[in-house]
2 protein chains.
Amino acid sequence: MPDNRPIANGERVLADLNALRAIGAYKTGVHKPTLSEPHRNSLAWLVEKLPEAGLTGTIDGIGNILGTSARTGPKLLAGSHLESQNYAGWLDGPLGVIYALEAARVINSDASLRGAVEVAAWCDEEGHFGHFLGSRSYVGGVSEADIDAARDRTSGQSMREALRDAGLAGRARIEAEPGRHIGYLEAHIEQGDALETSGLAIGVVTSIVGIWQYRINFVGEQNHAGTTRMASRKDAGLALAKFCVAIDARFPAVAGPRTVWTTGRITLDPGAPSIIPGGAEMLFQIRDDDPAVIARLEDLLRTMIDEANASGPCQAALERLRTGVPAKMHPPFQEAIEAASKAFASGRSVHMPSGAGHDAQVLATIMPAAMLFVPSIGGISHHWTENTADADIVTGAQVFVDACRRILAG
Amino acid sequence: MPDNRPIANGERVLADLNALRAIGAYKTGVHKPTLSEPHRNSLAWLVEKLPEAGLTGTIDGIGNILGTSARTGPKLLAGSHLESQNYAGWLDGPLGVIYALEAARVINSDASLRGAVEVAAWCDEEGHFGHFLGSRSYVGGVSEADIDAARDRTSGQSMREALRDAGLAGRARIEAEPGRHIGYLEAHIEQGDALETSGLAIGVVTSIVGIWQYRINFVGEQNHAGTTRMASRKDAGLALAKFCVAIDARFPAVAGPRTVWTTGRITLDPGAPSIIPGGAEMLFQIRDDDPAVIARLEDLLRTMIDEANASGPCQAALERLRTGVPAKMHPPFQEAIEAASKAFASGRSVHMPSGAGHDAQVLATIMPAAMLFVPSIGGISHHWTENTADADIVTGAQVFVDACRRILAG
């Protein structure tokens, strides 16, 4: 490889990630809900760092940061997010922001290269207040009324109040400038164990799966748990449990090889130990990158609801809360990541879909976008024990910087 | 029947029940949590009514009322409770108190009869703060430390604070006076549909079932709902659902004819739509009046836990939270109720166990006790639609008053 090829400074990357980890530290991870004090301090930290990369930026009216460059030539947007899930990991988000910062530091100061890397930190990728509110605001998909309605899912605080507390009330929101960027690149921890179990260093993301979310509701008859005979009960909780077990039995035959489905929440009404539940509700989601697979599974779900209603004694209903179109990643950018992986990671890479949602799927609606993954130890994420080996973090940074260079070079 | 036999005044009984229904009315039922303002007003209402029956009483230091008579001769204690479950029925509790008041009004003023009926209203039978706290205090089973520790299960308010708000802080608690009463009689709505479906008017309670309560806990592995493949999941929620369905399949072969079992509450941890539950918990209870049946079912439950642990992938654990010894009702009192039913309800009565817990099971630990049931429309209870036909209420009152007369007559 030529001596003058710009590469990442691994120590600097690790030092920056650890500086962000110290803001809102929780055990070995962090607790940085969107617009909480540690999240705001992390945003302020990034704004102060941007000039090191020849960028200027501020926090906008929805908590996004966009660091812009005055350099001429093509501009590549890169970034991720700085808030965390509650009591969660230190790399989910910050890794992609610091890789972007490092790419900007390395590339934007190199007189031998054309163009620049610009850095973004999207607010609320983790969905404390909504659903990709920051990146959706940037692509023009969030109204003022959406922000009025947004509330923190844990504390119940309104987003307006949180923005006011952060000193951001009344600030303009930055929207994408048509034609400014040739595309968007984002790095993230894998959040699964595919890379680790195969001994690989880089995942080249081919698509980001769509998420279809449902509420399944059962109505029975609330009654006294001591005086109501078993034969005359209409136990909504039992009907729900049977439905969960039926999904487990019947979905595999219809699902694709990478489909996943999850019942994340169950609520019984009234939920008292001596009362037969008259109501029961489950939140259910399906993820796949093939809408045809989702359509088959949704058909099966509707058939199962009909069967449950026909057999009784409770009534079941299916409500679709959210649909997600899978986002295809830009093939030339995938090739750039793979080439960078050959140069800096001995080619230890694999093409894979992302089972998790990411801001890249929102950016992909207005510009070419791509993602790379680094390994997650034990596949653990959304938990404070989430981690990635330092060596893998450094390798990923080198691949990311080189991929940015290749994309800018066309 | 002889003309001079004392009988209940049905209109007075219905008027009193409706007066109590108007205090804390909710739709056609009431909302009177223990020591709430409507409950306190109901207690004050009763204290003012007691002199009509030749009784004097006050509210004691735990919210119990005991109306005592100065008449000589045998004394029969009768009563029930005045608080309700949240947003529940108008008769669950007040029916038994007003029947007792009516029996005292009729009998205590009759110079041809010996002895008296004394009236009790036990605080917190519905368990907002504990577990039969009022009647257990009367029989000497509640310490000051128990009261210190008691908190409202809905609001979290301490019982000490609630007692202070009610002006009861520092008042003495009334305890049973050994030898004062020949026994205890309580009337209640059936809370099931056995009487209604058989066209009967009176249930002669043979025993009050014991309640065994369990916490069943499942530990899996919390992980990301998008990135964790189905094959490598340890979903605690699914493990719990399978266990509920297995109980439904296997309990009937081992249970007795009247055994009931209920999963009243299910909680997934963390309970978020995009996270595979790492923990799941269910509150499970079994009721029967035969401890041998309970022992068999508990054995089955432990076998099923062992099987779940052997098959994996989650770990299950069983914790017994509460055991309940069934209370046998006093046979001579049962005969008195049946004789009264022959005289005033054309013999439309049946012997039956009580699937619900009642203060009578606490009183039965220190004196002979018995209960009678009146029909519940549709078997509904612990819900504001709970109801009993006026004609059944009046018939029940006549049987109750006559049963008291027969018991006092020996």
Exercise. Based on what the data block shows, is residue A:15 open to solvent by 10 Å² or more (accessible area, probe 1.4 Å) and without any contact (Cβ under 8 Å) to a residue 24 or more places away in the chain?
Worked result: yes
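With A:184, A:138 as the choices, which residue is away from chain B (no Cβ under 14 Å), among the aromatic types (Phe, Trp, Tyr) and under 30 Å from residue A:390 (Cβ atoms)?
Numbers: A:138 fails: under 30 Å from residue A:390 (Cβ atoms).
Being away from chain B (no Cβ under 14 Å), among the aromatic types (Phe, Trp, Tyr) and under 30 Å from residue A:390 (Cβ atoms) holds for just one of A:184, A:138, which is A:184.
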Exercise. Just wondering, is there one or more residues in segment B:394-406 that are assigned by TED's automatic domain parsing to the domain that holds residue B:14, of a type outside the set (A, V, I, L, M) and either within 14 Å of the chain's Cα centre (by Cα) or within 30 Å of residue A:230 (Cβ to Cβ) (or both)?
Worked result: yes
Seminar exercise, completed: Filtering segment A:347-379 down to residues that are touching a residue at least 60 places away in the same chain (Cβ under 8 Å) and assigned to a loop (DSSP other than H, G, I, E, B) yields A:348, A:355, A:356, A:357, A:358, A:364, A:365, A:366, A:367, A:368, A:375, A:376
Exercise. Quick one: how many residues across segment A:9-32 are over 11 Å from residue A:94 (Cβ atoms), touching a Phe, Trp or Tyr at 6+ places or on another chain (Cβ under 7 Å) and either acidic (Asp, Glu) or assigned to a loop (DSSP other than H, G, I, E, B) (or both)?
Worked result: 3
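Can you work out which of the residues in segment A:387-399 that are under 22 Å from residue A:88 (Cβ atoms) and in contact (Cβ under 8 Å) with a residue 24 or more places away in the chain is most open to solvent (accessible area, probe 1.4 Å)?
A:390
Of all residues in segment B:292-322, which are in a helix (DSSP H, G or I) and charged (D, E, K, R)?
So in segment B:292-322, the residues in a helix (DSSP H, G or I) come out as B:292-311.
Selection gives B:296, B:298, B:299, B:302, B:306, B:307.
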Problem set entry | Number of the condition not met by residue A:228 [criteria: (1) facing another protein chain (nearest Cβ under 8 Å); (2) at pLDDT 95 or above] | (2)
Exercise. Quick one: residue A:87 ticks every box in (1) open to solvent by less than 20 Å² (accessible area, probe 1.4 Å); (2) of a type in the set (Phe, Trp, Tyr); (3) under 28 Å from residue A:323 (Cα atoms) bar one, so which box is it?
Worked result: (1)
Seminar exercise, completed: Per the list (1) more than 13 Å from every other protein chain (Cβ to nearest Cβ); (2) outside any helix (DSSP H, G or I); (3) under 28 Å from the mean Cα position of the chain (by Cα); (4) buried (at least 18 other Cβ atoms within 10 Å of the Cβ), residue check on residue B:325 breaks on (4)
Exercise. Does segment B:275-286 contain any residue that is more than 8 Å from chain A (Cβ to nearest Cβ), of a type in the set (Gly, Ala, Ser) and surrounded by fewer than 20 Cβ atoms within 10 Å (Cβ to Cβ)?
Worked result: yes
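Kindly establish whether residue B:241 is open to solvent by 50 Å² or more (accessible area, probe 1.4 Å), closer than 29 Å to residue A:85 by Cα and not in a loop (DSSP other than H, G, I, E, B).
On the way: open to solvent by 50 Å² or more (accessible area, probe 1.4 Å): no; closer than 29 Å to residue A:85 by Cα: yes; not in a loop (DSSP other than H, G, I, E, B): yes.
No, not satisfied.
Working only within segment B:134-157, note down all residues that are within 27 Å of residue B:177 (Cα to Cα) and either among the β-branched types (Val, Ile, Thr) or not in a helix (DSSP H, G or I) (or both). Give the steps one after another, and end with the answer.
Step one: filter segment B:134-157 for residues within 27 Å of residue B:177 (Cα to Cα), giving B:134-150.
B:139, B:140, B:141, B:142, B:143, B:147, B:150, listed by residue number.
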For this session: Spot the failing condition for residue B:56; the list is (1) closer than 20 Å to residue B:387 by Cα; (2) open to solvent by 20 Å² or more (accessible area, probe 1.4 Å), and only one is missed.
Result: (1)
Exercise. Out of all the residues in segment A:258-265, is one or more basic (Lys, Arg) and over 23 Å from residue A:375 (Cβ atoms)?
Worked result: yes
Problem set entry | Identity of the residue in segment A:194-215, open to solvent by less than 20 Å² (accessible area, probe 1.4 Å), away from every other protein chain (no Cβ under 12 Å) and not in a loop (DSSP other than H, G, I, E, B), that ends up nearest to residue A:377 (Cα to Cα) | A:202
Problem set entry | Number of the condition not met by residue B:347 [criteria: (1) more than 10 Å from chain A (Cβ to nearest Cβ); (2) on the phi < 0 side of the Ramachandran plot; (3) open to solvent by less than 40 Å² (accessible area, probe 1.4 Å)] | (2)
Exercise. If residue B:34 satisfies every condition in (1) open to solvent by 60 Å² or more (accessible area, probe 1.4 Å); (2) more than 25 Å from residue B:178 (Cβ to Cβ); (3) of a type in the set (Ser, Thr, Tyr) but one, which is the exception?
Worked result: (1)
Seminar exercise, completed: In the set A:68, A:28, the lone residue that is surrounded by fewer than 24 Cβ atoms within 10 Å (Cβ to Cβ), farther than 30 Å from residue A:145 by Cα and touching a residue at least 40 places away in the same chain (Cβ under 8 Å) is A:28
Exercise. Among the listed residues B:43, B:35, which satisfies the condition of being within 23 Å of the chain's Cα centre (by Cα) and part of a loop (DSSP other than H, G, I, E, B)?
Worked result: B:35
Exercise. Residue check, residue A:104 against (1) crowded, with 24+ Cβ neighbours inside 10 Å; (2) of a type in the set (A, V, I, L, M, F, W, C); (3) out of contact with any Leu (no Cβ under 7 Å at 6 or more places or on another chain), all met but one. Which one?
Worked result: (3)
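The values are calculated or read from the model by the stated rules, or taken from the named source; none is laboratory data. A quick note: this is a predicted structure, and the numbers were derived from the prediction, not measured. Note: ideal-geometry Cβ built from the backbone for every residue, glycine included; neighbour counts use all protein chains shown. What goes into the accessible areas is simple: the full protein's heavy atoms, side chains included, and nothing from ligands, DNA or RNA. Shrake-Rupley method; radii C 1.70, N 1.55, O 1.52, S 1.80 Å.
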